1. Residues with beta-carbon under 14 Å from that of S30, excluding S30: net charge, scoring Lys, Arg +1 and Asp, Glu -1?
2. Per residue of the chain, what 222 nm ellipticity follows from adding -39500 (n - 2.57) for every DSSP H run with n ≥ 4, rounded to the nearest 500?
3. So which trypsin sites (Lys or Arg not before Pro) in segment 354-398 are both in a DSSP loop and have at most 16 other Cβ atoms within 10 Å of their Cβ?
4. Taking the Cβ of G450 as the centre, find all other residues whose Cβ is under 15 Å away and add up their charges (Lys, Arg: +1; Asp, Glu: -1).
5. Using only C-alpha positions, report the orientation-averaged shadow area of the convex hull of segment 1-148, nm², one decimal.
6. Less than 12 Å Cβ to Cβ from K332, Lys/Arg counted +1 and Asp/Glu -1: what total charge do the surrounding residues give?
7. Quick one: divide the alpha-carbon radius of gyration of segment 237-357 by 2.2 N^0.38 Å and tell me what you get.
8. If each of K449 and L425 carries a label point 7 Å out from its Cα toward its Cβ, how far apart are those two points in nm?
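Every number here is computed from the coordinates shown, using simple stated rules; none is lab data. Remember, predicted model here, so these are calculated numbers, not experimental data. Cβ placement follows ideal geometry from the backbone for every residue including glycine, while neighbour counts extend to all protein chains displayed.
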Amino acid sequence: MANTLYDALFQRYQGQESAFITLPDGAVLSHGAFVGMAAQFAYVLGHLGLQPGDRLAVQIAKSPQALAVYAACVQAGVIFLPLNTAYTAAEVAYFVENSGAKLLICDSANASTLLPVAQAAGAQLEVLNGNGTGSFADLAAGQPKEFATVPRQPDDLAAFLYTSGTTGRSKGAMLTHANLLSNAEVLADSWQFSDQDVLLHALPIFHTHGLFVATNICLLSGAQMLFYPSFDVQAILRDMPRATTMMGVPTFYTRLLDQPEFTAQLASGMRLFISGSAPLLAETHVQFEQRTGHRILERYGMTETNMNTSNPYTGERRAGTVGFPLPGVELKITSPDTGDTLPQGQIGQIEVRGPNVFKGYWQMPEKTREELRENGFFITGDLGMIDADGYVHIVGRGKDLIISGGYNIYPKEIEELLDEQPGVLESAVIGVPHPDFGETPVGVLARQKGATPDEAAILQALSTQLARFKHPRRLVVVDELPRNTMGKVQKNILRDTYKNLFA
Ligand code: MCA
Ligand code: AMP
């Protein structure tokens, strides 16, 4: 019996000595060793009582072992739910509880904090550290390195990735085996990946970009990965002569350009640089080409859809655009009011349909209906237009979202906490330009009459609730927020007022 994703990505590597992952210390893990470890982990999932269709949440440091937990879930038919390592216990509690995860795996440093979180949600807790040690690894030691793969159909769920929204709590996007496989196939082909490739992998593996786009493509094509725990510009410069490709968020590219040692010579063995997750400034694209002779290939995706569009591998990669819809993906620009398709050249909401589009939000049928039309088109919340040559341009967002260094931040979540703080009548969180992160959140606080909100105490209060990357980098106290005649806060005015705070 078949398992859609396992058969395509992992099955053929059993016993293969070919190199898969190289770590910064030079240690090499072969494909065969990787799938063997995943099989051992799959046994542990069974011993801990996880059944196909159950959820496993992980909040662990990036490592080959962490990636093998993903492979083990695919092989055992368990749904993989990776969480940002920056999330606080309060944030993790929501995801574990909402998903109904049976098991939470964390780093030993967080075990005592997360044990009550797991217990409250009825989940077990195991430890897996970035160096591969921990109770989960102990349980796996001595298990057989081959596991009878659990059959899974294309439409069965492979992963949940949580994504916030303009209103309400985070939603678990349900991704199927076919969603992930179809996108990896299209991307590996479009970007011409092969077993000759060596990818600089410095992205986190708890998001679509580093997990599904980067890793699944490498597994499908046989490419190797130079695997870094995080983006370390010196390590990337050191290893670039050994690599052929890189995937990154725009911050990776601006940080590289800040290094005088980053030259055309250093990049001469590279065949492809890919950017996504946030807008790449046309200026960065141009500077990068001037410095290296390479045109960065920009693509556009979402947690709910994987990748939707890409600039061409052969053909003009146009700065400031995200290229063309990928093969098999339909993309249209519609009126936010009527849902009708707009004439070419007009700006409207971007809708997409294809085998890449998710199945819906976990246990949120209403939210699913709001965004995923019955005819299969998903309303992305991005605003765009298609130019005369067919290139898609993203011109803004219909959703209230800030993207900082490739991480999404939903203002509403921060505003709700700020509104509760002493001396604060109400608040508005806006994204302002930031030289390193692209955008960064600023909290504008309207004070209660006669009050003087204590900014340091407020930031301190946020720290136990919100991941560090979501913290406003600046708080500004005002007497009142600007409103339009309908009473709606005019964030555009605030964005304009504070646009140079980090210039
Ligand atoms: C770290 N910090 C951040 C961010 N990252 N603050 C705001 N935004 C961030 N993205 C905090 C740290 O906690 C630290 O706090 C301070 O900023 C400085 O940290 P630094 O050492 O400079 O950060 P870093 O470790 O170098 O990380 C920056 C980074 C990283 C390399 C840009 O955030 C990153 O790898 N981003 C990629 C995210 C990603 O993969 N996105 C894809 C999701 P303190 O002040 O306490 O020191 S989107 C996706 O998957 C869709 C589908 C798509 O299209 O791809
Ligand atoms: P997420 O929900 O974390 O997957 O973030 C997806 C969002 O990131 C999209 O809806 C876009 O707003 C944004 N995004 C991804 N890639 C790009 C890109 N190349 N240019 C502009 N925005 C992008």
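1. Numbers: positive: R12, K145; negative: E17, D195.
In short, 0.
2. Details: 15 runs with 143 residues, N = 503.
Here the helix-only value at 222 nm equals -8000 deg cm²/dmol.
3. Values: sites: K359, K367, R369, R373, R397; in loops: K359, R373.
Qualifying residues, ordered by number: R373.
4. Numbers: positive: R447, K449; negative: D454, D479, E480.
For residues surrounding G450, the net value is -1.
5. Details: hull surface 34.7 nm².
The Cα convex hull of segment 1-148, projected and averaged over all directions, gives 8.7 nm².
6. Numbers: positive: R353, R373; negative: E330, D340, E351.
Its environment carries a net charge of -1.
7. Numbers: Rg = 16.4 Å, N = 121, 2.2 N^0.38 = 13.6 Å.
Output field value: 1.21.
8. So the label points at K449 and L425 sit 0.8 nm apart.
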